[in-house]
Amino acid sequence: MKKIGIIKKLTIAVLLLSCLHIHAQSPKGKEAWNEYLRNNLIYPEEAKKAGIRGTVSVCYEIDRDGFVSNIIVDKSIHPLLDREAMRLIANMPQHKTNERSSRSVYSHPIRFGVDETRENEKKADSIKMARLEKMGVVTRAERMPSFPGGQRALDAFLEKNLKYSKSAIKNKRSERVNIEFVVNTDGSLSYIGIKKSANPQLDTEAMRVVNMMPKWKPGTIQGQPVAVYYVQPIIFKGKDHYNDNAGEKNRYPSFHGGQNYLNDFIEKNIEYPLTAKNDSIEGRVFVDFIVNTNGKISDARILTSTDTIFNEEALRIVNSMPKWDCAKKKGDKVAMRYAIPINFTLNDKKDCRPLFPGGEEELQEYLYNEIKYPLEALLTETNGTVEVRYTIDEKGRTKDVELLKPAPEVLFREVKQAIIGMPKWKPSKKDGKIVSTRCTMSIKFVHPNEKHITAKRPHYKFEFEPFFH
């Protein structure tokens, strides 16, 4: 996945992703998120007494380590509620990121004084999901279904095929129709319906386009395809987005040059508190501030902090920043409050496991593409599980592949060839030093009984044994 600047990324979030069905829900699913709200949301007394209520929409990112960053109030109600919403997001526990290896954009509505009990809808959803479960349909898979070619291909498909008049949009803002369906084991779509409606004209168009879609790549569990319930938002762009420079009419504040430049600025200028360094203390501080229309930073404050020992340095870093690119709404420059994390990490003492280029998902894809059922094994109906141990050396190369348990030689040769041919890994570290690592992998070959067996691929699974030896 290409790295893109925060302006482009967060503009995409506004136009396309701000209301996505989040399939890696925060922090561990919808129920966990609701429980987190119940236990941590604080309705400011001052706002409650003044009768201030409503929904604050907060956009944020999850980095590759599962931590929150770049918190923005997308829809503001009042500074009291905005700041509490930002605090709530900043305090979220670490997310699981087993499905992605790069940053992801999310959005959450946080309601203050708004009744969220929709008992009738909940009952209907419960009945529907129970029926699907009886049919063998799951709501989560190890690898979720995806449009052929990925998100960019899906965006292009929708852009090409959606046909609707501007009059169908009730206001200048985009509207969304959530379409629900089941992605079957062969990638076909069934049980297509409206999850969230916009208006009859847009609902009909969204259904028409989804019914036109080609087969998806099905979801899998332990390498086997499964039927998965899925919700896909269809975004109908409002009048403000029909010109060529729509991205510049609405944008969030950003560090000049983008996220990577911001990270470099912090890394080059941070001064680790000596006391914390001597005591091997690490931490994370969220600082929120206003990016004014002239790009200058003002009103920097500590939003959350794991240890007050880092607060002074975090504020110093933020206040020393050069001018940002300010936010825009409808083409006009506006001041906006923003929050970023300042991480204090003693990198020289960190341990880390080996990393395949692109992460575990790319490793699975590599294995899926490279390991074929040998023709000799197919003809002789040879099955078996190949369990091997191999080394990832200090340069990231794979070598020394050995068989741990008896297995057919023809299957072992296929697995060994795939492992030796792997691209270089990012090697592991122990106490800050690059070290070689011994890993294990288990590949299960199941002989297909259908015709055209040469087109079949084996079912496989893989796992690492404990890293540092």
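The values are calculated or read from the model by the stated rules, or taken from the named source; none is laboratory data. Quick caveat, the model's predicted, so the values are computed rather than measured. Positions of Cβ are generated from backbone atoms using ideal geometry, with glycine treated the same way; all protein chains shown enter the neighbour counts. Ligands, DNA and RNA are excluded from the accessible area calculation, which covers all protein heavy atoms including side chains. Shrake-Rupley method; radii C 1.70, N 1.55, O 1.52, S 1.80 Å.
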Item to check | Cα gyration tensor, segment 265-342 - rounded (a/c under 1.5), prolate or oblate | outcome: prolate
Item to check | When each of Lys49/Lys323; Lys128/Lys160; Lys160/Lys329; Lys215/Lys405; Lys296/Lys329 is checked by Cα-Cα distance, pairs over 29 Å | outcome: Lys49/Lys323; Lys128/Lys160; Lys215/Lys405
Item to check | Exposure of Trp33 as accessible area (Å², to 10), given a probe of 1.4 Å and all protein chains | outcome: 20
Item to check | Average projected area [Cα convex hull, segment 387-426], square nanometres | outcome: 2.6
Checklist outcome for this item: With every protein chain kept in place and a 1.4 Å probe, the residues Ile420, Ile77 fall, from largest accessible area down, as Ile420, Ile77
Item to check | For segment 126-210, alpha-carbon Rg and Dmax in angstrom | outcome: 14.9, 43
Checklist entry - Among 334-342, 203-211, what's the highest-first ranking by average C-beta atoms within 10 angstrom per residue? => result 334-342, 203-211
Checklist entry - Top to bottom by accessible area (1.4 Å), largest first, where do Cys352, Cys326 land? => result Cys352, Cys326
Next on the checklist: For the ranges 421-430, 434-443, what's the packing order if you count other beta-carbon atoms within 10 Å of each residue, average per peptide, and put the highest first?
Outcome noted: 434-443, 421-430
Next on the checklist: Probe radius 1.4 Å, ligands and nucleic acids left out: which of Arg397, Arg152 has the largest accessible area, and how do the rest follow?
Outcome noted: Arg152, Arg397
Item to check | Probe 1.4 Å - accessible area at Tyr368, Å² to nearest ten | outcome: 90
Item to check | Cα Rg, Dmax (largest Cα-Cα span) when computed across segment 298-409, Å | outcome: 26.2, 74
Checklist entry - For segment 348-424, what is Rg from Cα atoms divided by 2.2 N^0.38 Å, rounded to two decimals? => result 1.26
Checklist entry - Distance from the Cα centre of segment 33-99 to that of segment 254-292, in angstrom? => result 21
Next on the checklist: If I ignore ligands, DNA and RNA and count only protein heavy atoms, how much of Lys444 is accessible to a 1.4 Å probe, in Å² to the nearest 10?
Outcome noted: 90
Checklist entry - In whole Hz, what ³J(HN,Hα) sequence does segment 197-212 give by Karplus (6.51, -1.76, 1.60; θ = phi - 60°), x for Gly and Pro? => result 8, 10, 7, x, 5, 6, 4, 4, 5, 4, 5, 4, 5, 5, 5, 7
Next on the checklist: Greater than 23 Å separation of Cα atoms is the criterion. Which listed pairs, Lys134/Lys444; Lys48/Lys328; Lys268/Lys395; Lys372/Lys444; Lys237/Lys328, meet it?
Outcome noted: Lys134/Lys444; Lys48/Lys328; Lys268/Lys395
